[in-house]
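Below is one structure, written out as structure tokens; the observations come after it.
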């Protein structure tokens, strides 16, 4: 396995193309508890607005303009992640929890849980991802009795009126669906040997042609890829990368020169010690090791911690979300190994803002980029939600 030497920290330049966002709206996550608000930890954008999950195991819905829509009747304990179902038009949101369950919510009707899955052991569920064909759900667990597991749940194909996925077709005067009913999901197999510690991230490949390819990252520093059609774990593992530190986030990306292709063969990973690496998983070769992102040039923004990372199709590269201890957030285009660009600086101190909005005053724990509306929502340890828009 080939490794490249670590490059000097890239320089950070102001973007010359992005339109600055302003602080358009702000609201307390829990208006009944302004003195001791819960931390806002997770966020998901959907067609009807946003869902946020907090440290008190509540999930609340808000409109696209951050108007409160109500609290979901969540019964899980120890919420660990919240992720939207695959596909642009998906109405599904999956919530994992330390109680070893993953629930599914239909954003068209948030008054009740669509269904809930429970693992075969007492291991807490930490992260989930749905395959691009919407037939499988991979769920990673914490270390339990010396094993960290990936459960592969798969659905059967059957008619299902009101199914969370699929398109309605008109025939003989009636609406009908003949797609996979996610409520029929069962564990097809479980991988138990690829990781030796908590599994912090799983991500199916986004391409419709590769719905069976999955990556996983762990506290053990490894990122693996699998063909989940294969039951035997030794045969299922396709490639492995060692990041040298606990993985906080990871995902698929296009390799240089392949930005127009959907069959991404690269991965990015960010660790809990704020380091970032890119890998070519087909060749099992490290492309670049950026080291500690806090070493990037101090102006015009200093990153003090990473909130997250994602592959941005429009920019053709990985975007990092960095934060400051004062509650500012930066969206950084990290496509170029030598020159990073500050696409957005979300700061109530320097950005235009709506009357009465003050922005965050503490660490930001979640940020959700909505490419369709060109907006970003953020939530943090101050219990505030902020909407940033053009």
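Overview of results
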quantity	calculated
Selection status of residue 208, surrounded by fewer than 20 Cβ atoms within 10 Å (Cβ to Cβ) and within 22 Å of residue 12 (Cα to Cα)	no
Residue in region 33-56 that is loosely packed, with under 12 Cβ neighbours inside 10 Å, in contact (Cβ under 8 Å) with a residue 12 or more places away in the chain and more than 21 Å from residue 111 (Cβ to Cβ) present	yes
Residue list for region 338-378, filter: farther than 29 Å from residue 7 by Cα and either touching a helix residue (DSSP H, G or I) at 6+ places or on another chain (Cβ under 9 Å) or part of a strand (DSSP E or B) (or both)	353, 368, 370, 375, 376, 377, 378
Evaluation of residue 102 against (1) surrounded by 20 or more Cβ atoms within 10 Å (Cβ to Cβ); (2) more than 22 Å from residue 231 (Cβ to Cβ); (3) over 14 Å from the mean Cα position of the chain (by Cα) (one fails), failing number	(2)
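Taken together, the values in this text are just the output of simple stated rules run on the coordinates, not laboratory data. Bear in mind that the values here come from a model prediction, so they are computed numbers and not experimental data. Cβ: placed from backbone, ideal geometry, glycine included. Neighbour counts: every protein chain shown.
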